[in-house]
Amino acid sequence: MFKKVLIANRGEIALRVIRACRDLGVKTVAVYSEGDIDSLHKKLADEAICIGPAPASQSYLDARTIIAAAELTNSEAIHPGYGFLAENATFADICEDCGIKFIGPPGRVIAKMGEKSEAKRTAKAAGAPVIPGSEGVVDSLEEAKRICDEIKYPVMLKAAAGGGGKGMRLVRRPDELPRFYENARGEALAAFGNQDLYIEKLINNPRHIEVQVLADQDGNCIYLGERDCSMQRRHQKLLEESPGVGISGEIRRKIGEAAVAAARAAGYINAGTVEFLYEKGQFYFMEMNTRIQVEHPVTEQVTGIDLIKEQLKIASGEKLSITQKDVRIVGHAIECRINAEDPDNGFSPCPGDIEFLHLPGGPGVRVDTHVYTGYRIPPFYDSMIAKLIVWGKDRTEAIAKLKTCLAEFEITGIKTTLSFHKMIVENENFIKGGFGTSFLEVLNDAET
């Protein structure tokens, strides 16, 4: 096991890694920007080093400065968390070239699975079902027209080099294609520096099901059940749960085996997530995230497996500590992402001072957060300030517990999404499990 790990991130994920390292007897180094001088991850790590001004482009995204910090502190490995440099293949390669272990997959795997059309080809070759569409990048508008005519409208145009809704357009009719094709290319170029697009048939209001995988350097690969991440607003997740509602043991096995097959085909190592669209018993490979996910706690709650510790052990050369037959899904877990945003004003970010903070608690309740009373939320970073995770013996108990926790959760001084989460968990369609990826859009429209 490593003696010292640098954490190239901030916020709650940096704290999560610090705590896992301490459990394993590993020293930690925090990096922080000038905007995070009062951050908890800076205070709780064994060492901390400032890496630049508040803007992420001058600090958390500055690979050279982070590598220099690792070398100055004699860190043997870097945990990238999620976001920032976590899925940057070049950064992973630089770490390797500098003799620093990148706690994640090799750069070549990040590059392969980060390019969406290549990831789709890899999964298809491994036998995973894929959504009908282009075989790879679409090179021209004429080719796009031909493919759309073949698979029939409506279709989705998607950026090959990114996600999060950037460079994505829904095309319902042939006359919309030329305009949306150019719009999506321009947006993809601005967001990812790459204007390449691929095309998929629209799956109408599916559910977003993702599978957590772990793979070690000896070729062992397992899946840890599935998470339902259908509660999304503009392709950004707000609530996740595990296991998926109505997912049978047979479907769980099939989708898990498809995820493992895709990971093996990519030569995957460490923790990753294979994402699928699911509708009426059918599932289709969508993409792979080559890092730990924001929603990893719900998998930890139902399996009892510490994913961050597994990441550290795998990166240090150890074999997986569990086999597929050891994996058991027990109970039900739900996570709410609490953001510093105003739901009544288009979910606009709301940085500022937290005047008072009270966190819920009790059996089966977990809150991952980096904020505290008196903390000033900086305007430079993602607006997520906490993750509320509850576990119950079944989904009904988990929902009841979540309602109680949301009622107890109090933050003053800033606007948050707590009220929106309360609205979700009171909705009958959510309680019954009758929802897809368009659920939040419909719910928000109905409320406004």
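Quick rundown of the values:
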read-out: Prolate/oblate/rounded label for the range 335-448 (Cα gyration tensor, a/c 1.5); value: oblate
read-out: Label point at M1 placed 7 Å out along Cα→Cβ; residues across the range 294-308 whose backbone nitrogen lies under 18 Å; value: 305-308
read-out: Set of lysines with alpha-carbon distance to K152 below 27 Å, sequence-local pairs under 8 removed; value: K116, K120, K124, K166, K201, K280
read-out: The chain: DSSP helices with Cα axial extent of at least 18 Å and average Kyte-Doolittle hydropathy no lower than -1.0; value: 11-23, 177-192, 249-265, 395-408
read-out: Net dipole in debye of the range 132-201 [+1 Lys, Arg Cβ; -1 Asp, Glu Cβ; about Cα centre; nearest 20]; value: 300
read-out: Local net charge near P53, Cβ-Cβ under 13 Å (Lys/Arg +1, Asp/Glu -1); value: -3
read-out: Selected from V5, H41, A63, residue furthest toward positive end of dipole (the range 1-66; charges at beta carbon); value: V5
read-out: Net charge over other residues, Cβ less than 15 angstrom from the Cβ of G249 (K, R count +1; D, E count -1); value: +2
read-out: Reachable lysines from K319, criterion Cα separation under 25 angstrom, eight or more residues apart if same chain; value: K3, K4, K27, K101, K112, K254, K309
read-out: Amide hydrogen neighbours beyond the local backbone of V31, cut-off 5 Å, H modeled; value: I7, N9, I49
read-out: Q324-N194 pseudo-label distance in nm [points 7 Å out on the Cα-to-Cβ vector]; value: 3.0
read-out: Given charges at Cβ of Lys, Arg, Asp, Glu: the chain dipole, positive-most of P206, T323, F430; value: T323
read-out: FRET efficiency, 1/(1 + (r/R0)^6) with R0 35 Å, evaluated for Q282 and A407 via beta carbons; value: 0.35
read-out: Aspartates and glutamates whose Cα lies under 16 Å from that of K145, excluding same-chain neighbours fewer than 8 positions away; value: E135, D175, E176, E182, D196, E200
read-out: Ranked packing of 76-83, 317-324, 198-205, most packed first, by mean Cβ within 10 Å; value: 76-83, 198-205, 317-324
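Every read-out reported here was derived from the displayed coordinates using simple, explicitly stated rules and does not represent laboratory data. Every value quoted in this text rests on a predicted model; they were computed, and no experiment measured them. No Cβ is skipped: glycine too gets one built from the backbone with ideal geometry, and neighbour counts run over all protein chains shown.
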